[in-house]
Amino acid sequence: MNPILMTLILLAGWGMFAYSALRRWRLMMVGAAESRSDQQPERLRRTLTYAIAQLRMRRYPVAGIAHMLIFAGFGVLLLRTLMLWGRGYDASFDFWFFGTDGTLGKVYSMLKDVFAVLVILGTLVFVYFRAVRRLPRMSLSTEGLVILGIILAMMFGDIAYDGAKMAASTEHAQTVSFHWYEPAGSVAGMIFQGLPDSVLVVLMHAGFWIHAVLVLVFLNLLPHSKHFHVITAIPNVYAQSLPPPGRLPPLVDIDGMLEREETLGIKRIDQFSWKSILDFYTCTECGRCTDFCPAANTGKKLSPKHLTLDLRDFLYKHEDALVADSTQCKNGEANGADGDSDDTQAGHKIDLVDGVIDPEVLWACTSCRACEQECPVFITYVDKIVDMRRYLVQERGEFPAELQTAFRGLESTGNPWSFPAEDRDNWTDGLDIKTLADHPDAPVLFWIGCAPAFDERAKKVTIATAKLLKLAGVDFAILGKEETCTGDPARRAGNEYLFQMFAQQNVETLSGYGAEKKKIITSCPHCFNTLLNEYGDFGGKFDVVHHSTFLAELVKQGKLKPTKPIDKKVAYHDSCYLGRYNEVYDAPRDVLGSIPGLTVLEPAETRDRGMCCGAGGGQMFKEEEPGDERVNIRRTEQLLATNPDAVSSACPFCMRMLTDGLASKDKEELPQLDIAELLLESTGEEA
């Protein structure tokens with residue numbers, strides 16, 4: 001077409017993009033070092049599944065399909081773009097194998113046209129969402145419409161180029177034929193037929209340059225817009241956290257002791273890791289995280305989307321200073337000097353909490369992971385919130401007053417309610433249950449937990465579980481007074497020091513009894529998650545199962561036989577730490593489903609989209625942040641919408657929150673039962 005013009009356009013377009021990409025790379029590298037190169041086969045598998053095949057987008061029928069069409073279309077049309085750039089130098093350039101005179105070229109040409117039309121349809125869906133329906137969850141900016149307009153222009157330009165070229169090459173006495181390998185181009189050619197040659201030349205050149213140039217315009221807009229995720233999503237999915245989602249990164253050194261660096265937790269923006277900064281880059285601003293956040297849905301200040309955007313915008317605002325500081329620090333280290341400035345009043349060094357993020361935002365989080373479950377590009381939120389809580393608690397000593405009571409109780413008695421430690425096994429009176437001290441060879445350890453040991457209502461679940469184990473002939477023991485809190489409430493509330501104290505103590509106790517070779521059962525999902533997923537960082541690798549899984553297996557093996565009918569319709573509530581954290585969804589339903597006469601009701605919000613009860617993330621031990629409604633009330637309403645005869649759960653925290661929720665709705669007469677209690681009743685045994 002015009003080699004000189006094409007050369008200038010390519011040099012300018014790619015040169016400007018390289019400059020912008022380098023700036024974003026340097027800014028990302030101000031973050032703390034973090035290795036994300038392990039388990040490469042698994043990372044590649046997840047990248048193919050979630051980034052290329054876009055599995056999570058299928059959760060959103062209309063928008064998901066539209067996004068998948070656009071993504072696939074861009075992949076198919078990439079070759080077309082390269083062809084057009086080549087035709088700037090040679091009008092017949094077709095990559096040697098993709099001319100329409102060959103079979104391969106015909107097949108590709110057909111795919112290119114089909115996907116161009118599909119991209120147009122997908123783009124129009126998003127135009128509708130932005131300009132017509134104006135979905136509240138989305139960032140409705142002019143930039144979004146400009147990007148969509150560019151995509152549409154590229155697709156129509158490409159079709160117009162083919163159509164005008166086809167019409168111009170047809171003799172005036174003939175009509176444009178429809179070619180199966182150029183369906184969109186053929187239709188455009190039929191429309192253009194009869195136009196003057198001069199107009200066809202203009203259309204052909206316009207279509208060519210619109211596609212060839214707008215691709216580069218689009219590319220250069222990406223690093224400066226929310227559409228940067230077009231570039232960063234694939235590496236962000238590849239670099240996602242592979243450990244279980246229930247594991248928070250510990251603040252420990254190689255000796256397992258709490259580190260004391262500049263701060264404990266996250267104080268400044270450059271203390272986030274480079275992967276966290278990549279998260280900020282990758283946010284698509286789709287708002288699905290906030291749509292499913294229980295805090296946001298009940299009027300709290302927390303919005304996972306805006307938390308990410310506020311941190312990203314602050315990062316961008318102070319880009320120059322952050323990069324300069326990072327460069328100075330690296331040079332200082334190389335010279336053996338301290339390259340960090342003491343000017344803590346500098347704008348980019350302010351405390352993020354208060355300076356950028358309202359503390360109320362952090363304390364509203366229930367750590368339920370609904371936001372992370374919905375994010376199509378695997379951004380994490382809970383770890384960032386907990387890291388900022390760690391700074392507040394351990395450096396500034398600022399946290400909700402009610403947590404002081406819980407922390408004090410944990411420190412003095414080993415439980416957040418300050419019950420006497422010697423009362424931990426009082427629930428066993430009259431049950432003839434052995435401790436590991438008396439029966440160290442027991443192959444099964446029943447880990448009780450604080451609420452199941454001390455809370456009067458939760459004790460009934462503990463007793464029911466113990467009776468079921470005995471009924472099934474399970475040889476088990478408990479730790480008794482040697483057991484103490486796992487530290488989960490302290491960790492989620494930001495008190496990492498207190499958590500690590502419990503972790504090290506419990507690992508030592510368990511290892512002393514050879515618990516690595518035993519099966520550990522617990523009825524508390526929080527204990528289950530901590531023992532299974534977090535104690536490994538402190539040397540404790542244990543085989544841990546939740547009581548729902550263990551009981552379901554006993555029923556399957558015929559060791560427990562639920563024969564007494566229970567004529568009830570039961571609404572089941574999924575615990576976040578059992579479901580979203582550890583993907584235990586079927587086992588509790590299997591237990592309930594084994595009971596004759598019992599019908600399991602599923603609320604609209606169920607399984608991995610079940611709403612949090614409101615107790616996680618330390619919320620059980622503090623007042624809920626101000627909002628329009630309490631989280632447990634909203635969840636109770638969702639369960640009541642099924643018109644149940646009873647509500648069932650498999651978590652002592654959920655039981656407490658739902659019991660309170662039922663009372664607030666004047667439904668005290670509606671039973672709130674653990675799956676173990678229902679199973680025990682069906683076996684004919686007394687609770």
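Remark: relative contact order (the chain) = 12 percent; criterion is Cα-Cα distance under 8 angstrom and separation of 6 or more residues.
Residues whose amide H comes within less than 5 Å of that of Ala32, counting only those at least five positions distant or on another chain, are Phe272, Ser273, Trp274 (H built at 1.01 Å from N in the peptide plane). Could you tell me which of rounded, prolate or oblate describes the stretch 520-646, using a ≥ b ≥ c as the square roots of the eigenvalues of the alpha-carbon gyration tensor, with rounded for a/c under 1.5 and, failing that, prolate when a/b is larger than b/c and oblate otherwise? Oblate, since a/c reaches 1.5 and b/c is not below a/b.
For the stretch 3-238, the convex hull spanned by the alpha carbon atoms encloses 161 Å³ per residue.
The equivalent ellipsoid of the chain has semi-axes of 56, 32, 22 Å, largest first, where each one is the square root of 5 times an eigenvalue of the Cα gyration tensor. Label reach from Asp666 (point 7 Å along Cα→C-beta): in the stretch 627-645, amide nitrogens under 17 Å belong to 637, 640-641.
Rounded to whole numbers, the Karplus 3J(HN,Hα) couplings from phi for the stretch 202-217 are 4, 4, 5, 5, 4, x, 4, 6, 4, 5, 4, 8, 5, 4, 6, 4 Hz, using 6.51 cos²θ - 1.76 cosθ + 1.60 with θ = phi - 60°, and x at Gly and Pro. In whole angstrom, how far apart do the alpha carbon centroids of the stretch 370-425 and the stretch 14-42 sit? Cα centroid of the stretch 370-425 versus Cα centroid of the stretch 14-42: 32 Å apart. Against the main long axis of the alpha-carbon atoms of the chain, helix 631-640 sits at an angle near 90°. For the pairs Lys556/Lys622; Lys267/Lys481; Lys541/Lys569; Lys267/Lys518; Lys459/Lys568; Lys301/Lys667, note any where the Cα-Cα span goes beyond 32 Å. Table pairs above 32 Å Cα-Cα are Lys556/Lys622; Lys267/Lys481; Lys541/Lys569; Lys267/Lys518.
Provide the percentage of antiparallel DSSP beta bridges, counting only those with both residues in the chain; round to the nearest 5. Percentage antiparallel, nearest 5: 5.
Calculated mean residue ellipticity, 222 nm, the chain: -15500 deg cm²/dmol, from DSSP H runs (n ≥ 4) at -39500 (n - 2.57) each, averaged per residue and rounded to 500. Scaled against the 2.2 N^0.38 Å expected of a compact globular protein of N residues, the Cα radius of gyration of the stretch 1-127 reads 1.37.
Computed from the coordinates by the stated procedures, all read-outs in this text should not be read as laboratory data. Remember, it's a predicted structure, so these values are computed and weren't measured experimentally. Cβ: placed from backbone, ideal geometry, glycine included. Neighbour counts: every protein chain shown.
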